[in-house]
1. So which residues in region 41-60 are over 18 Å from Leu73 (Cα atoms), basic (Lys, Arg) and surrounded by fewer than 17 Cβ atoms within 10 Å (Cβ to Cβ)?
2. Looking only at region 287-301, count every residue that is closer than 17 Å to Ala146 by Cα and either over 20 Å from the mean Cα position of the chain (by Cα) or free of Cβ contacts under 8 Å to residues at least 40 places away in the same chain (or both) and tell me the total.
3. So, of the residues in region 170-208 that are among the polar types (S, T, N, Q) and modelled with pLDDT under 85, which turns out to be nearest to the chain's Cα centre (by Cα)?
Amino acid sequence: MGLLTIGAFARAAGLTPKALRLYGRVGVLVPAAVDAESGYRLYDPRQVPLARLVAQLRRIGMPLAQIRTVCALEPAAAAEVVTAYWRQVSVDTAARARLAALLVRDLSEGSATMSSMNVRYATGCETGIARDSNEDAAYANERLLAVADGVRGPGGAAASTAAIDALASVDLTDASAVEMVAVLAGAVTDADRAVRRLATDEHQPATTLTALLRSGTHLVLAHVGDTRAYLLRDGELSVLTQDHTWVRAQVDQGRLDPAEAGAHPQRALLVRALGGGRQVEADLALRVALPGDRYLLCSDGLWAVVDRAALASMLGAGADPERTVRELMAAARAAGAPDNVACVVADVVAA
């Protein structure tokens with residue numbers, strides 16, 4: 001079969017001549033030959049599958065420079081690159097969606113004030129059945145919701161308390177949404193320093209920390225370790241945090257099956273904690289609170305023994321925060337409560 005003119009090749013590949021000229025200039029899809037006298041571009045019919053691949057990659061928004069890389073790979077390797085690209089697109093799209101929602105709400109409501117909504121909350125913190133000391137701490141007021149789980153051993157209880165105290169002193173009055181994130185990041189650094197000051201020659205205390213700090217309709221989430229934050233919105237329960245544990249890292253890297261992680265002997269081994277290792281880096285996220293939202297912050301003494309379906313059922317039953325906390329603590333005890341248990345339940349209501 002002979003070579004095709006650019007027009008015939010464009011029709012066969014489902015592209016335009018203009019696109020083919022662009023792809024030729026950047027080296028993504030080079031003509032098989034160029035007529036020396038006329039300068040016409042000629043294509044081999046066997047290039048049609050490649051042209052169609054380029055068109056499909058362009059439709060998902062992949063940059064031409066990356067397309068050139070994909071086209072040079074074997075199919076299996078190309079598939080991995082496309083998968084990684086789309087995963088990043090999904091992350092970026094979700095981030096833009098959150099920002100758009102924030103902007104829409106700000107523009108719709110104008111300047112939000114602390115009186116635009118209220119938060120009803122309750123806390124619970126127990127030693128559990130199998131422990132003889134309590135290193136967990138739970139805290140809640142109109143501005144701050146927080147749970148911390150001190151690493152078992154000398155200073156664990158002091159560490160969890162010190163971490164929450166460092167956040168409780170933060171004042172976000174008149175802070176913008178962007179400033180809130182910066183302020184909370186600094187507060188987490190202060191909390192890390194406060195925990196490190198508890199160190200002795202024999203022991204360095206450490207603690208997890210998960211907190212929501214509020215100003216108006218905005219919430220900033222800070223998270224270090226394996227305490228968790230959940231959101232019940234419109235009947236759907238979602239986890240807002242990622243566990244900073246060794247088993248979670250192994251699952252993310254494909255080295256451990258998720259079904260094995262819950263029973264793994266090192267499931268509680270932290271890879272990030274305040275006071276542990278190098279200066280800690282917290283996960284930070286800015287959120288918009290909506291009336292009807294219900295938040296749960298809890299230590300692994302609750303979520304590790306009460307499954308997600310049961311949590312969703314109790315949180316969605318319609319009871320007030322105080323009763324819901326009692327039911328959650330009772331569920332942990334019924335499951336054996338092998339660890340300390342701490343939780344905060346908070347409802348967002350219109351003023």
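1. Arg59
2. So the count comes out to 1.
3. So the first thing to find is which residues in region 170-208 are among the polar types (S, T, N, Q), and the list is 173, 176, 189, 200, 204, 207-208.
Checking the rest, the ones that are also modelled with pLDDT under 85 come to 173, 176, 200.
Numbers: Thr173: 26, Ser176: 22, Thr200: 34 Å.
Ranking the qualifying residues of region 170-208, first place goes to Ser176.
Okay, residues lined up against (1) farther than 27 Å from Thr93 by Cβ; (2) modelled with pLDDT of 85 or more:
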| position | (1), (2) |
| --- | --- |
| Met1 | yes, no |
| Ala8 | yes, yes |
| Val26 | no, no |
| Ala32 | yes, yes |
| Leu53 | no, yes |
| Ile60 | no, yes |
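For (1) in contact (Cβ under 8 Å) with a residue 40 or more places away in the chain; (2) of a type in the set (Gly, Ala, Ser), each residue gets a yes or a no:
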| position | (1), (2) |
| --- | --- |
| Asp307 | no, no |
| Leu315 | yes, no |
| Ala319 | no, yes |
| Arg333 | yes, no |
| Val349 | yes, no |
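The values are calculated or read from the model by the stated rules, or taken from the named source; none is laboratory data. These numbers come from a predicted model, not from an experiment. With ideal geometry, Cβ positions are generated from the backbone for all residues, glycine too; neighbour counts draw on all protein chains shown.
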